[in-house]
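Peer 1: Below is one structure. I have some questions about it.
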Amino acid sequence: MKLRHFLEVDDLTPAELAAVLDASEQPATPVLAGQGVALIFEKPSLRTRNSSEMAVVQLGGHPAYITDAETGLDRRESAVDVCRTLQGYYSIIAARVFEHSKLTNMVSVATVPIINLLSDEAHPVQALADLLTIRQHCGPVEGLKLAWLGDFTNVARSLTIGSMMLGAHMTVGCPDGYGPSSADFDRFSALEQFGGSFSVTNDAHAAVTGVDVVNTDAWYSMGQETEAELRKPIMTPYRVDANLLSHAKPEAIFLHCLPAHRGDEATSDVLDGPQSRIWRQAHNRMHTMKGLFTWLCA
Ligand code: CP
Ligand code: NVA
């Protein structure tokens, strides 16, 4: 087992990212036989929990689903003490947390790989599935044009980093105050060395015009539910409906990490329409977890 952590996509090199995507398309081998993977969740999950569990099963290992009721990260026990304990039992520790700092704190004491299953900053395991889906439907990611619409979420940040590492061009269409931070801009500028580019606009139509892939996410993430009514009118111009999608290339695909709030960030005719690849994307979550674990074990 490599002692490598995966808190954000750029914890891998571009070559390693490509290797994980390649491993995701290979048949499963029992690389986790006799070993366990701890799956800690501070927030709800459908896709991440189930895709991770079944990936571990396919690799011959034992997945342990651990909720906040057992761990109480930084309340019942510090995140670092949870990590110090669990690494005596498990070969990999994966966690979905509110504060990204809980993951970096775990890394500071970890003797096994720490995997981010979503934090307030990043959702790198989602980006793996997004990139695999894009590669499968559009071919090599290098040179592709991607658009992100609406709130610049954890999912948006990880997809931007991953796609730019592979040489894609990302345009974000979002309202003022809901876009990338200045630290994000610095990080994305550095990734232009791989041949891609990054830009932001307030104009949703300009963002999607001529792109290969249109992506969106919830207008309010887990923990931001009280902002739902405030955000709706601000985000409405960025809703992906049939009209907005028609400005992308005719063969463009539509992606959404899910869960979808139908009629908010995307309409049902888009989510269920011929350009949507959301179910392949959701199912690729399992294949890319398999690819990531297999790469770690190699
Ligand atoms: N996309 C995603 O991470 O879904 P869950 O929150 O259901 O795991
Ligand atoms: N941005 C969303 C993604 C859910 C998979 C959230 O953090 O709730």
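Peer 1: Which whole-number percent gives the relative contact order of the range 238-298, counting Cα pairs below 8 Å spaced six or more residues apart?
Peer 2: Computed over the range 238-298, the figure is 37 percent.
Peer 1: Which of ILE40, GLY195, VAL9 sits closest to the plus end of the dipole of the chain, meaning its Cα is farthest towards the positive end, when Lys and Arg get +1 and Asp and Glu get -1 on the C-beta?
Peer 2: ILE40
Peer 1: Please report, in debye to the nearest 20, how large the charge dipole of the range 27-182 is about its Cα centre when each Lys and Arg carries +1 at its beta carbon and each Asp and Glu carries -1 there.
Peer 2: Dipole of the range 27-182, to the nearest 20 debye: 300 debye.
Peer 1: If you add up the charges near SER101, with Lys and Arg at +1 and Asp and Glu at -1, over every other residue whose beta carbon is less than 13 angstrom from its beta carbon, what do you get?
Peer 2: Details: positive: LYS102; negative: GLU42, ASP74, GLU99, ASP120, GLU121.
Spelling it out: positives minus negatives among the neighbours equals -4.
Peer 1: Quote the FRET efficiency, to the nearest 0.05, computed for ALA228 versus LEU46 with a Förster distance R0 of 25 Å and r equal to the Cβ-Cβ distance. Spell out each step's value before the answer.
Peer 2: Numbers: r = 20 Å, r/R0 = 0.79.
Efficiency for this residue pair is about 0.80.
Peer 1: Restricting to lysine pairs 8 or more places apart or on different chains, what number in the chain have Cα atoms under 28 Å apart?
Peer 2: Pairs that pass both the separation and distance tests number 11.
Peer 1: Classify the chain: rounded, prolate or oblate, from the alpha-carbon gyration tensor (a ≥ b ≥ c, eigenvalue square roots; a/c under 1.5 rounded; otherwise prolate if a/b is larger than b/c)? Could the numbers behind the result be given before it?
Peer 2: Working: a/c = 1.77, a/b = 1.47, b/c = 1.20.
Prolate shape, in that a/c is at least 1.5 and a/b is the bigger ratio.
Peer 1: Extending each Cα 7 Å along its Cβ direction at MET1 and VAL57, get the distance between those two points in nm, one decimal.
Peer 2: 2.1 nm
Peer 1: So what is the relative contact order of the range 31-83, in percent, for Cα pairs below 8 Å that sit 6 or more residues apart? Numbers along the way, then the final one.
Peer 2: On the way: 61 pairs, mean separation 22.6, N = 53.
This gives 43 percent for the range 31-83.
Peer 1: Same structure, new question: Express in nm, to one decimal, how much length is gained between TYR89 and HIS283 on full extension, taking 0.36 nm for each residue of separation and deducting their alpha carbon distance.
Peer 2: Full-extension gain reported as 67.0 nm.
Peer 1: Next question. Where nothing but the Cβ of Lys and Arg (+1) and of Asp and Glu (-1) is charged, how large is the charge dipole of the range 130-215 around its Cα centre, in debye to the nearest 20?
Peer 2: Numbers: 4 positive and 9 negative charges, 38 e Å.
The dipole of the range 130-215 has a size of about 180 debye.
Peer 1: Net charge near PHE152, counting Lys/Arg +1 and Asp/Glu -1 over other residues with Cβ under 12 Å of its Cβ?
Peer 2: For residues surrounding PHE152, the net value is -4.
Peer 1: Can you give the charge dipole size of the range 27-110 about its Cα centre, rounded to the nearest 20 debye, using +1 on the beta carbon of Lys and Arg and -1 on the beta carbon of Asp and Glu?
Peer 2: In total the dipole reaches around 160 debye.
Peer 1: Okay, moving on. Given the DSSP H assignment, sum -39500 (n - 2.57) over each helix run of at least 4 residues in the chain and divide by its residue total; what's the result at 222 nm in deg cm²/dmol, nearest 500?
Peer 2: -12000 deg cm²/dmol
Peer 1: Something else about it: Name the most mobile residue of ALA183, ALA204, ALA242, meaning the one with the largest mean-square fluctuation, in a Gaussian network model of the chain with Cα contacts below 10 Å.
Peer 2: Highest fluctuation of the listed residues: ALA183.
Peer 1: Return the single residue from THR216, THR48, THR85 with maximal mean-square fluctuation; model: Gaussian network over the chain, springs between Cα atoms under 10 Å.
Peer 2: Maximum fluctuation in the GNM of the chain, among the listed residues, is at THR85.
Peer 1: Cβ under 10 Å from ASP68's Cβ, ASP68 left aside: what net charge do those residues give with Lys, Arg +1 and Asp, Glu -1? Each step should come with its number before you reach the end.
Peer 2: Details: positive: LYS43, ARG75, ARG76, ARG96; negative: GLU42, GLU70.
That sum, taken over residues with Cβ under 10 Å, equals +2.
Peer 1: What is the distance, in nm, between label points placed 7 Å from the Cα along the Cα-to-Cβ direction at ASP22 and at ARG76?
Peer 2: Calculated label separation equals 4.2 nm.
Peer 1: Continuing with this model, one more query. Rank PHE98, VAL109, PRO237 by how far each Cα sits towards the positive end of the charge dipole of the chain (+1 on Lys, Arg Cβ; -1 on Asp, Glu Cβ) and give me just the farthest.
Peer 2: Selected residue: VAL109.
Peer 1: Between the alpha-carbon centers of the range 245-281 and the range 12-32, tell me the distance in whole angstrom.
Peer 2: Centre-to-centre distance over Cα atoms comes out at 27 Å.
A short reminder: the numbers here are calculations on the coordinates, not readings from a lab. Computed from a predicted model, the values in this text were never measured in an experiment. Heads up, the Cβs are rebuilt from the backbone with ideal geometry, glycines too, and the neighbour counts pull from every protein chain shown.
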